[in-house]
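Worksheet: one structure, shown below.
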Amino acid sequence: SLFSHDIAGSIDELGAAIRVMIDSIGRPSLLDLLGLPEWLPRPRSSEFTAAMALIDTTIYEILRQRRAATQTTGENAGDLLGMLLAARDEETGEGMSDRQLRDEVVTIFAAGHETTAVAMSWTWYLLSQHPQCEARLHEELDQVLAGRAPCFADLEQLPYTRMVFEEAIRLYPPAFSLTRVAAADDSVGPHHIPKGAMVTLSPWVTHRNPRLWPDPERFDPERFLPEAVRQRHKFAYFPFGGGPRVCIGNSFALMEGRLILAALAQRYRLRLEPDHPVKPQGRITLRPRHGMRMTIEARSL
């Protein structure tokens, strides 16, 4: 979808490497806590070094093959990598170097690796705890899809499916905390923010603010009816950030999540194992600390 490149043969190995990278990045070093500059190298384990070597090898090979194909045919594949390759600096007209492209692709790999999967885990958990919402979801899927696989064109006809997914990532936003660096001196209420200060914004906290969300701990997909959305502040809900730095995968993730939910929920119910502990753990993403152990039941269509 993003790179027009098949990595199925190395997906397990690459997935393990990305997990090592994410886990390592999620543990701040002493240099971070002391506020030392980012250009100072952070100590990393040999496992992290090996993981990054594999990721770099994979990405640079994708770039090499794409550049070669573009030079041969002169065609742009029209995917995300094609857009990055075609991008030009407004002042110099230069394109990105391989290193810049590598950095962009690593960011996309890391950001897209587990965010949708984590969102789906929390969605299945919430549906298992709210059978009335689950039944309404099944009714919509049965009526619109009638047992066939969903496609992009079906999404407009699945409004409740959208509301379920959006409410799930309100309560359990995969990117539960975002950081920004102040570009200039500013103030928020009585608080002075100096230029260069790191500011943390938390969708987890904002999405549970009772001044913005009545009964905020309750799972209620109807919060995302169009009229309800129009009445809320624009940034009462920001699971993908906002402004010029909004997540580049925003629309893709929403499409992906809804299609996965529609495809699986029309055929299966997921039930949480009895007495299994469910506790959020905030690392790079908001994971279930103990996993999400569930059993699968087939639905009769």
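The values are calculated or read from the model by the stated rules, or taken from the named source; none is laboratory data. These figures come from a predicted structure and were not determined experimentally. Heads up, the Cβs are rebuilt from the backbone with ideal geometry, glycines too, and the neighbour counts pull from every protein chain shown. Accessible surface is based on the protein model in full, side chains and every heavy atom, while ligands, DNA and RNA are left aside. Shrake-Rupley method; radii C 1.70, N 1.55, O 1.52, S 1.80 Å.
Give me the percent of DSSP beta bridges within the chain that run antiparallel, rounded to the nearest 5.
So the antiparallel bridges in the chain amount to around 95 percent.
Report ³J(HN,Hα) in whole Hz for each residue of region 249-255, in order, from the Karplus equation J = 6.51 cos²θ - 1.76 cosθ + 1.60 where θ = phi - 60°; Gly and Pro get x.
Each residue's phi maps through the Karplus curve to give x, 3, 5, 4, 5, 5, 5 Hz.
Round to the nearest 0.05 the FRET efficiency obtained for D56 and V199 when R0 = 41 Å and r is the Cβ-Cβ distance.
The pair D56/V199 has a calculated efficiency of 0.85.
Taking +1 at the Cβ of each Lys and Arg and -1 at the Cβ of each Asp and Glu, which of W122, G78, A265 sits farthest along the dipole of the chain towards its positive end, judged by Cα position relative to the Cα centre?
W122
Tell me, what is the 1.4 Å probe accessible area of L212, in Å² to the nearest 10?
60 Å²
Ignoring any ligand, DNA or RNA, what whole percent of the accessible area of region 77-133 comes from carbon and sulfur when the probe is 1.4 angstrom?
Roughly 48 percent of what the probe reaches on region 77-133 is carbon or sulfur.
Mind grabbing the accessible area of S300 for me, 1.4 Å probe, Å², rounded to tens?
110 Å²
Considering the chain as a Gaussian network with a 10 Å cut-off on Cα pairs, which listed residue, V199, V188, V278, attains the greatest mean-square fluctuation?
V188
Heavy atoms only, probe 1.4 angstrom, no DNA, RNA or ligands counted: give me D23, D79, D89 ranked by accessible area, highest first.
Ranked from most to least accessible, the order is D89, D23, D79.
Post the alpha-carbon centroid distance, region 136-164 to region 195-219, in whole angstrom.
For region 136-164 versus region 195-219, the Cα centre distance is 30 Å.
Quick one: order L36, L259 from most to least accessible surface, probe 1.4 Å.
The most accessible residue leads, giving L36, L259.
Where the centre of each part is set by its Cα atoms, how far does region 168-185 sit from region 247-301, in angstrom?
21 Å
Could you go through region 84-97 in sequence order and give the Karplus-derived ³J(HN,Hα) for each residue, using 6.51 cos²θ - 1.76 cosθ + 1.60 with θ = phi - 60°, rounded to whole Hz, and x for Gly and Pro?
Those phi angles translate into 5, 5, 7, 5, 10, 5, 5, 8, 9, x, 7, x, 6, 6 Hz.
Would you mind checking which residues have amide H under 5 Å from Y268's amide H? H placed 1.01 Å from N; only 5 or more apart, or other chain.
Residues meeting the amide H criterion: R299.
Gaussian network model of the chain, Cα springs within a sub-10 Å range: biggest mean-square fluctuation belongs to which of P159, P216, P194?
P194
Can you list residues whose amide H is under 5 Å from M294's amide H, if they're 5+ apart or on another chain and H is modeled 1.01 Å from N?
So M294 has HN proximity to E273.
In square angstrom, what is the accessible area per residue of the chain with a 1.4 angstrom probe?
Per residue, the chain has 60 Å² of solvent-accessible surface.
Within region 231-260, name every residue whose backbone N is under 18 Å away from a label modeled 7 Å from Cα of D186 along the Cβ vector.
234-247
Which order do you get for H192, H5 if you rank them by accessible area with a 1.4 Å probe, largest at the top?
These residues rank, largest area first, as H192, H5.
So what's the projected area for region 237-295, the Cα convex hull averaged over all directions, in nm²?
If you wrap the Cα atoms of region 237-295 in a convex hull and average its projections, you get 5.6 nm².
Run lengths n ≥ 4 of DSSP H only: what is the helix-derived mean residue ellipticity at 222 nm for the chain, with -39500 (n - 2.57) per run over all residues, to the nearest 500?
After summing the helix terms and dividing by the residues of the chain, the value is -14500 deg cm²/dmol.
Compute, for L85, the solvent-accessible surface of its heavy atoms (probe 1.4 Å) with the complete set of protein chains present, and express it in square angstrom to the nearest 10.
The accessible area of L85 comes to roughly 30 Å².
How far apart, in nm, are the 7 Å Cα→Cβ label points at A117 and E94?
Taking the simple label geometry, A117 and E94 are separated by 3.7 nm.
Where the only charges are on Cβ atoms (+1 Lys, Arg; -1 Asp, Glu), what is the dipole of the chain about its Cα centre, to the nearest 20 debye?
It comes to approximately 720 debye.
Over the Cα atoms, compute the radius of gyration (one decimal) and Dmax (the largest Cα-Cα distance, rounded to a whole number) for region 90-157, in Å.
20.0, 58
Averaged across orientations, what area in nm² does the convex hull of the alpha carbons in region 173-301 project?
10.9 nm²
Could you point to the residue in C247, F152, L212 farthest towards the positive end of the chain's charge dipole, with +1 and -1 charges on the Cβ of Lys/Arg and Asp/Glu respectively?
About the Cα centre, the residue reaching furthest to the positive side is L212.
Could you list which residues have their amide H under 5 Å from that of I193, counting only those 5 or more apart in sequence or on another chain, with H placed in the peptide plane?
Here the answer is D186, S187, V188, since their amide H atoms fall under 5 Å of that of I193.
Please give me, ordered by residue number, the GluC sites (Glu not before Pro) of region 151-233 that lie in loop per DSSP and have at most 15 other Cβ atoms within 10 Å.
Within region 151-233, the qualifying GluC sites (Glu not before Pro) (loop, at most 15 other Cβ atoms within 10 Å) are E217.
Per 10 Å bin, what percent of the C-alpha pairs of the chain does each bin hold, from zero upward?
5, 21, 30, 27, 14, 3, 0
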